Amino acid sequence: MAATVITGIGELTTNDGPALADAALVLDGDRVAWVGTASAAPPADLRVDVEGRAVLPGWVDSHTHLVFAGDRTAEFAARMAGAPYTAGGIAVTVEATRAASDGQLAEVLGRHVREAVAQGTTCLETKTGYGLTVADEVRSARIAAGVVDEVTFLGAHLVPAGTTAEDYVELVRGEMLEGVAPYVRWADVFCETGAFDEDASRAVLTAAAARGLGLRVHGNQLGPGPGVRLAVELGAASVDHCTHLTAADVDALAGSDTVATLLPACDLSTRQPLPEARRLLDAGATVALASNCNPGSSYTSSMAFCVATAVLQLRMSVEEAVRAATWGGARALRREHEVGVLRVGARADVHVLDAPSVTHLAYRPGVPLTHAVWRRGERVR
Ligand code: NIG
C-alpha cells in the first residue's frame, strides 16, 4: 500500500494531545506513520490535500446488534403513537433471524457495516443475541467474526419461549458459551427486569469470564437496577445504556475502569429519559457514545447523530462527545492503544469532515458531513 500524506488539514483531532492547526498526517500501510506540522511532513507516494477540512479518528462504534433479519417498523410506529418499549420485540427479530439463511444474515450485516463506514465508522463491535439457540447463536457469531472488529456473545438477551429462565441460563453458560467461544472476544448480558435478573446475569458473566472472555453488560436501560453495580464488581469493560442511574451507580462508575457507554439514539427511539452524561463526566467516569444500531430500539448507524445529540441534549461539549465516540469507544473495547486515536503506530483509521472543525457536527446536525474515510490505511470513501 502506498504511503499517503494528508495535508491542508484545518483542524486535527488526535485524542493524543490538543487539536492541531496546520497539521499533516502520514499513513503507511495500515498504520499512522507520522503526525505533525505540515511544513515538516516527510515525503510520501501520494499527497491528499483536504483543503482546510477537519480530520479526526474514525468513529469507534462499540455497541451494535447487526446480525439480524426482519423489520420492526410497525413496532416503532406504535411506539411513536404512545406504546411503550418493553424489549418484547426482540422475539420478533429472533423469529426472523432464525428463519433467514446464512447468506441473508451476511448480506444484512454487510449492508449495515458499509452504511456505517460511509459515515466515518472505522471500528465496529456487533453482538449475537437474535438466535437464542446454540446453533443460531454460533451461526450469528461465526458470520459476524469475519466482518466486524469485535464480536460479543449475547445469548443472554431474552429467555426464549418454551424454556424456563433457569434452564436457559444453564444452556447459555454451558453449551452455548462453548460453541460461540472460538468466534467472540466478549460476553454480554441484558440485566434488566423482564430479561435477566442479577443472579442470572452473574451466573452468565462469571462463566464467560472463566472461559476467558471479556465482559460487557446491558444495564439500567429501562429502569434502575443492578446492572451497573454488577458490571463494576465483575470488572466489565463497559456497561451500556446507563439511562437510569442512582448516585451510587455514578460513584461506582467513577471509581472504576468500567466505561459508561451511552446510547442516546436508543433513548430517543424508545422514549426513555436521556442519560445524565454531565453527571458521569463531572464525577470522573469514562464515557463512550455508541449507536446501538439494531432493528428494534435504535435503528441508526449514524455516530454523527449520536455526537450531535450528546452535545445538543446531553450537554456534553463537542470535544467530549467526539472523544467519547472515538477514544471512549476504543476504551470500551480495550483497544485505545490502536483505534480512536491518531498517533504513530495507531491504525490508519481517518475521518475527514466536509467542515473546518468538529464543532460543525453539532452546529449542523443531520447534515452528512463525511468527506473521506481511510480504514486500516485504505481509502474507503
Ligand atoms: O440494546 N436492550 C436490549 N437489547 C437491545 C434492543 C434489542 C431490540 O429491541 O431488538 C438494546 O437496546
Table column - 3J(HN,Hα) (Hz), region 31-40, Karplus curve with 6.51, -1.76, 1.60, x for Gly and Pro: 10, 7, 9, 6, 9, x, 6, 4, 5, 9
Angle between the Cα long axis of helix 198-210 and the longest principal axis of the chain, 0 to 90 degrees, nearest 10? 60
For S256, S298, S238, which order do you get if you count the other beta carbons within 10 Å of each Cβ and list the fewest first? S256, S298, S238
Chymotrypsin sites (Phe, Trp or Tyr not before Pro) restricted to region 116-222 and DSSP loop, no more than 14 other C-beta within 10 Å: none
Size of the dipole of region 59-333 about the Cα centre, Lys and Arg at +1 and Asp and Glu at -1 on the beta carbon, nothing else charged, in debye to 20? 540
Which value at 222 nm does the chain reach when only helices count, each DSSP H run of 4 or more adding -39,500 (n - 2.57), with the total divided by all residues and rounded to the nearest 500 deg cm²/dmol? -8500 deg cm²/dmol
How do T97, T73, T326 line up, fewest other C-beta atoms within 10 Å first? T73, T97, T326
Scan region 199-264 for trypsin sites (Lys or Arg not before Pro) in coil per DSSP, keeping those whose Cβ has at most 15 other Cβ atoms within 10 Å, and list them by number. R211
Amide H neighbours of H371 at under 5 Å, excluding residues fewer than 5 places away on the same chain, with H built from the backbone geometry, are V352, L353, D354
How would you rank 38-48, 108-118, highest first, on the average number of other Cβ atoms within 10 Å across their residues? 108-118, 38-48
When only alpha-carbon atoms count, how far does region 59-333 stretch along each of its three principal axes, as whole angstroms with the largest first? 44, 37, 37
For the Cα atoms of the chain, what angle does the longest principal axis make with the long axis of helix 102-117, in degrees from 0 to 90, nearest 10? 40
Starting with the fewest neighbours, write out R347, R139 ranked by other beta-carbon atoms found within 10 Å of each beta-carbon. R139, R347
Have a look at Y183, F76, T121 and report the one farthest towards the positive end of the charge dipole of the chain, computed about the Cα centre with Cβ charges (Lys/Arg +1, Asp/Glu -1). T121
Sequence-distant residues sharing a close amide H with S291 (under 5 Å, placed H): S62, H63
Any idea what angle helix 90-99 forms with the longest principal axis of the chain, computed on alpha-carbon atoms, 0 to 90 degrees, nearest 10? 80
Region 209-301, dipole about Cα centre (Lys/Arg Cβ +1, Asp/Glu Cβ -1), debye to the nearest 20: 200
A correct Karplus calculation of ³J(HN,Hα) over region 247-255, with 6.51 cos²θ - 1.76 cosθ + 1.60, θ = phi - 60°, whole Hz and x for Gly and Pro, returns 4, 5, 4, 4, 4, 4, 5, 5, x
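No value in this document is a laboratory result; all are computed from the given coordinates. These numbers come from a predicted model, not from an experiment. Backbone-built Cβ (ideal geometry, glycine too); neighbour counts: all protein chains shown.
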